[in-house]
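Participant: Sharing a structure, written as structure tokens. Questions coming.
The values are calculated or read from the model by the stated rules, or taken from the named source; none is laboratory data. Everything quoted here is computed from the prediction, not taken from an experiment. Virtual Cβ from ideal backbone geometry, glycine too; neighbours counted across all protein chains shown. When the accessible area is computed, the model is the full protein with side chains, heavy atoms only, and any ligands, DNA or RNA have been set aside. Shrake-Rupley method; radii C 1.70, N 1.55, O 1.52, S 1.80 Å.
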Amino acid sequence: MRSLKVISLLMDYPEAELFEGREELIEALRSDAQLAEDQKTALIEFVQKICSQDLLDAQDYYVGNFDRGRSLSLLLFEHVHGESRDRGQAMVDLMSVYEDKGFAIDVRELPDYIPLFLEYLSMRPAEEVQQWLTEVSEILALLATRLEQRECHYAVLFNAVLSVAGLEVDRTELKEKVEKEERDDTPEALDKIWEEEMVSFTEGSAVSGCGDDAITQRRKEFESVSVVQVLDNSTNNAQAGIAGS
């Protein structure tokens, strides 16, 4: 599913290469027969919106949404396990899945980083894609709901992922939950988190802040590989997988 590769690129930290590949991204979306027309329109509008900004403004907007607080974390297992030991085992298991399927990632990257996860799925058969996305559909819907509440246009990406898999999640309870939540990206909330993590650090904790480093490292993906190259590699890998099956 090439559209998942495009969405994974759009969901990652915006770099100059993303802006330079604007037309290729739009063309990839237009030519994807698996995308519904309304989703194509929404995603193309997203590409045009983000790429019409100044790059520094786009980056600042991204950081303001995904790097402040944990409610919009792009690490899947943080929404399931938090910082518990179970999260570590879940990541080990997911890494094993990647390795078994021949999907190599940089050792610095956490396997549950959503753009990376979508990149992997973009090269897998439709049945497998639907199975995986069904398992994480509640998390994706929750993130979409939180983004919509904040009137953030990144919500369209999470809605599109669910649409690609043909999934409809009842958001009645999710909306009620989000409405009652306290924002964790305010200066006061961030100060509180910092204070708590400092206490954990002084007590010898080794897990504090591990997710933030992984997200920062993932931003380097575009430094040496253009959007066009990434899309072409995704297509070639998918074709090779089909030919070998």
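Participant: What length, rounded to one decimal in nm, is gained on full extension from residue 97 through to residue 85, with 0.36 nm per residue of separation minus their alpha-carbon distance?
Facilitator: Difference between extended and current length: 2.4 nm.
Participant: Considering only 137, 153, 126, whose Cα is most displaced toward the positive end of the charge dipole of the range 117-175, charges sitting on Cβ of Lys, Arg (+1) and Asp, Glu (-1)?
Facilitator: 153
Participant: Continuing with this model, one more query. Residue-wise, which Karplus ³J(HN,Hα) couplings in Hz belong to the range 20-34, taking 6.51 cos²θ - 1.76 cosθ + 1.60, θ = phi - 60°, and x for glycine or proline?
Facilitator: 3J(HN,Hα) across the range 20-34, in whole Hz: 5, x, 3, 5, 5, 5, 5, 5, 4, 5, 5, 8, 7, 5, 7.
Participant: Could you run the Karplus curve 6.51 cos²θ - 1.76 cosθ + 1.60 with θ = phi - 60° over the range 152-167 and give me ³J(HN,Hα) per residue in whole Hz, x for Gly and Pro?
Facilitator: 9, 5, 5, 4, 4, 5, 6, 5, 5, 4, 5, 5, 4, 8, x, 9
Participant: From largest to smallest, what semi-axes in whole angstrom does the range 1-155 give when each is the square root of 5 times an eigenvalue of its alpha carbon gyration tensor?
Facilitator: With the √(5λ) rule applied to the range 1-155, the semi-axes are 25, 20, 15 Å.
Participant: For residue 170 and residue 31, calculate 0.36 nm times their separation in residues minus their Cα-Cα distance, and state this gained length in nm to one decimal.
Facilitator: Values: separation 139, 0.36 × 139 = 50.04 nm, distance 2.98 nm.
Contour length minus Cα-Cα distance gives 47.1 nm.
Participant: Around residue 102, with a cut-off of 15 angstrom between Cβ atoms, what is the net charge of the other residues, counting Lys and Arg +1 and Asp and Glu -1?
Facilitator: Once all neighbours under 15 Å are counted, the net charge is -2.
Participant: Once the Cα gyration tensor of the range 20-60 is diagonalised, what are the square roots of 5 times its eigenvalues, in whole Å and ordered largest first, as equivalent ellipsoid semi-axes?
Facilitator: In descending order the semi-axes read 22, 11, 6 Å.
Participant: With every protein chain kept in the model, how would you rank 122, 52 by accessible area, 1.4 Å probe, largest at the top?
Facilitator: 52, 122
Participant: Using the eigenvalues of the Cα gyration tensor, what equivalent ellipsoid semi-axes result for the range 58-142 when each is taken as the square root of five times the eigenvalue, whole Å, largest first?
Facilitator: Ellipsoid semi-axes (Å, largest first): 21, 16, 14.
Participant: While we're looking at this one, here's another question. Could you give the spread of the C-alpha atoms of the range 1-91 along their three principal axes, from largest to smallest, in whole angstroms?
Facilitator: Principal-axis extents of the Cα atoms in the range 1-91, largest first: 43, 32, 21 Å.
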